[in-house]
Structures are given as C-alpha cells and as structure tokens.
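The values are calculated or read from the model by the stated rules, or taken from the named source; none is laboratory data. Quick caveat: nothing in here was measured; it's all calculated off a predicted structure. All Cβ positions, even for glycine, are placed from backbone atoms using ideal geometry, and neighbour counts span all protein chains on display.
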C-alpha cells in the first residue's frame, strides 16, 4: 500500500513537470512582443476619508468604527434610490462597550456611497502621547475626569479632530479642548 501511494505521488509530479516544458515548434507572434497596457489604479470609494481621519495614533476602537463607515454599502438602505440625482443618505453608527465607553458616528453619503460629511464622538478614548504630555505639563496635579474625542469630517474641508477633557483638582473643575498637535483651543 505504501509503495502504491509513493508511486502515484511520483507519477503525479512527472505529469506536472512535462506539462510545463517548452515546445520547440512554438512560433512567437512578433506583434504581441511589446504591448503596453494602460495603468490601472484601484482605490476605495472613501479612501480620502480614511486618509483624513486616520494616523498612527488613532485608537483601535476609533479605527474600527471609521472602517465600518468607510466600507458601508449605501445600497443596503431601504430608502436607497439609484435613479435619484444628488441624493444624500444619513447613517448612524453606534458602538457601546459599557456605560462609559461608547462611540457614535453620523455619516452623510451621496448616491455613490462617498462620505460627504461625518461627525463622531467617542467617549473615554486613550489620549495620544503628545496630548497627554501637553495636558499634564500645562495642568500639573490635575486629573482627567472624563474625555471625549470629536471627529468632524467634510469632503470639502478635510478632518478636524479634538479632545474635550474635563479636569479636576481638589474642588476645582475645568474643561479644556486640545487638538492632536497639542494646541490648546
């Protein structure tokens, strides 16, 4: 039985090696020798959106929801009308991890599925190292009580990303806004 299996295995490889051998009688057609093909560029519909909102410090939770919005198929909406010209569709995305960690995103799509504008708020997102350093150097002895991360995107204007932080120190409370570049607003 063992020799039968080995024999069939070798026979199979022998057939494959002969099927790829060069035929000396084959004549290559010269008119196909130097054919130049047009360049093909394949991009996602919402690649501009993803490029505007994503960077290396984007938290995984935010990135997951961003990709969900970018890959959303607008034709799945009940009210979708392919013949409508300049139609827009509003879609709400939500992710709730617990009572404090949640995200909400409202996206407006055109009839081709492109994101025209998007507003998102994410609760309890880990701050980027730069933002942490700016906050703790400008507000020593203050503690971040709660945080929200806002993303406002427009196809015409790009993305604006801001942290809104509530700070506490003893009996004092303070709310600050800071962008991803560490600029206090």
Of the conditions (1) within 30 Å of residue 155 (Cα to Cα); (2) modelled with pLDDT under 75; (3) outside any loop (DSSP other than H, G, I, E, B), residue 75 fails just one. Which one is it?
(2)
State all residues of the range 129-150 that are assigned to a helix (DSSP H, G or I), in contact with a strand residue (DSSP E or B) (Cβ under 8 Å, 6 or more places away or on another chain) and surrounded by 14 or more Cβ atoms within 10 Å (Cβ to Cβ); if no residue qualifies, say none.
131, 134, 135
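Restrict the check to the range 83-96 and report whether at least one residue is part of a helix (DSSP H, G or I), modelled with pLDDT of 85 or more and closer than 25 Å to residue 157 by Cβ. Spell out the reasoning first.
Step one: list which residues in the range 83-96 are part of a helix (DSSP H, G or I), which gives none.
No, the range 83-96 has no match at all.
Select, from 162, 178, the only residue that is in a strand (DSSP E or B), in contact with a helix residue (DSSP H, G or I) (Cβ under 6 Å, 6 or more places away or on another chain) and closer than 26 Å to residue 50 by Cα.
Values: 162 fails: in contact with a helix residue (DSSP H, G or I) (Cβ under 6 Å, 6 or more places away or on another chain).
After applying the criteria, what remains is 178.
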